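See structure below.
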Amino acid sequence: MADVASTPELRKRLFDIKRDHSHDEAVILIEAMLKEEYSRLEPIIKKEREAYLRMDVDDAGQQNDIADLRLSAVEAYQPSYIIENFLADMKVDILPLLPKYEGRFEVSSRGGDIWTLSVASLKENAMRTLGGHCNVVGDVIVLERLLYDHAYLAAVMKLTDDYEPGKPSYVEFDFYTVVFDEEVQALVKVPLDAK
C-alpha cells in the first residue's frame, strides 16, 4: 500500500488546506480528496470480498488468512476515515458524501434524537476470525458503514471493566473489523436516545 499516505502526512495535508484556504474552499478541496479515497478503496474492498467468497470459511486452516483479510480491509479504509472525521470536525455533514452500495442489512444511523444501532450476531466461523485472531464471542458487533457491496465496517464493542453480572453495564469500543453479509446470522436494531 505504498500509494497510501501515512496518517501524519495526511493529517498535515488536511490542516494545511484548512489553514491556507477559506472554509468553503477547504471543504471543496477536502471533499475532493475524500472522493479520491473512496475511488481507491472500492476495488480494494471488492477484491477482499471476492477473496473471502473463494475461501472455505469452515476450514480452520484458513482462519488466519480470513483474519488478515479483515485487517487489510480496515487498514485500507483508514485514510477515508481520517478525512471523514476531519470534515465532520469542520461541521460538514458527510452522510451525503458516502458511496451508495447494495447490502442486505441496514447500518447504524442517526435520525432526529435517536441513534439506531445495527447489532449483528455473526456465524460461529466468522466469530473465530474477527479482529486479528481474537475470540469475540459474547461481544457486541455493530454495523457502522457499508464500505462496498455487502461489505461492512463493523465496530466490536466489549463490556466495560466494571461489568458485574446482574447489574447495569456498558459497552465500549474495542476495535474495527470488516464483515460480509454472508457472515451475519441475525440483526437487532437498538434505538438509543442521543440527547
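The values are calculated or read from the model by the stated rules, or taken from the named source; none is laboratory data. Fair warning: this is a prediction, and the values are worked out from it, not measured in the lab. When we count neighbours, we look across all protein chains shown, and the Cβ atoms used for this are built from the backbone with ideal geometry, even at glycine. Only protein heavy atoms, including side chains, enter the accessible area calculation; ligands, DNA and RNA are left aside. Shrake-Rupley method; radii C 1.70, N 1.55, O 1.52, S 1.80 Å.
Express the accessible area of segment 7-97 per residue in Å², computed with a 1.4 Å probe while the remaining protein chains stay in the model.
Details: 5290 Å² over 91 residues.
That works out to 58 Å² for each residue.
Could you tell me the relative contact order of the chain? Use alpha-carbon pairs under 8 Å, at least six residues apart, and round to a whole percent.
Relative contact order comes out at 22 percent.
Using a 1.4 angstrom probe with every protein chain in place, what is the largest-first accessible-area order of Asp24, Asp59?
These residues rank, largest area first, as Asp24, Asp59.
Quick one: order Lys123, Lys35 from most to least accessible surface, probe 1.4 Å. Walk me through the intermediate numbers first.
On the way: Lys123 85, Lys35 125 Å².
Sorted descending by solvent-accessible area, the residues read Lys35, Lys123.
Over segment 7-97, what percent of the accessible surface lies on carbon and sulfur atoms, probe 1.4 Å?
Exposed carbon and sulfur together represent 52 percent of the surface.
Quick one: which of 39-47, 60-68 comes out on top by average Cβ neighbours within 10 Å, and what's the full order, highest first?
Peptide ranking by packing, descending: 39-47, 60-68.
Mind grabbing the accessible area of Ser121 for me, 1.4 Å probe, Å², rounded to tens?
About 50 Å², rounded to the nearest 10.
Taking the chain as a Gaussian network, Cα atoms linked when under 10 Å apart, which of Asp93, Asp139, Asp181 shows the biggest mean-square fluctuation?
Fluctuation is largest for Asp93.
So which GluC sites (Glu not before Pro) in segment 19-110 pass both tests, a DSSP loop state and at most 14 other Cβ atoms within 10 Å of the Cβ?
The qualifying sites are Glu102, Glu106.
Can you compute 3J(HN,Hα) from phi for each residue in segment 105-117, using the Karplus curve 6.51 cos²θ - 1.76 cosθ + 1.60 with θ = phi - 60°, rounded to whole Hz and x for Gly and Pro?
10, 7, 8, 4, 8, 10, x, x, 9, 10, 8, 10, 8
Highest GNM mean-square fluctuation, the chain, Cα pairs closer than 10 Å: which of Gly166, Gly112, Gly103?
Gly166
Bins of 5 Å, beginning at zero and ending with the bin holding the largest distance: percent of Cα pairs per bin for segment 7-97, please.
Pairs per bin, as whole percents: 3, 13, 21, 18, 14, 10, 9, 7, 4, 2, 1.
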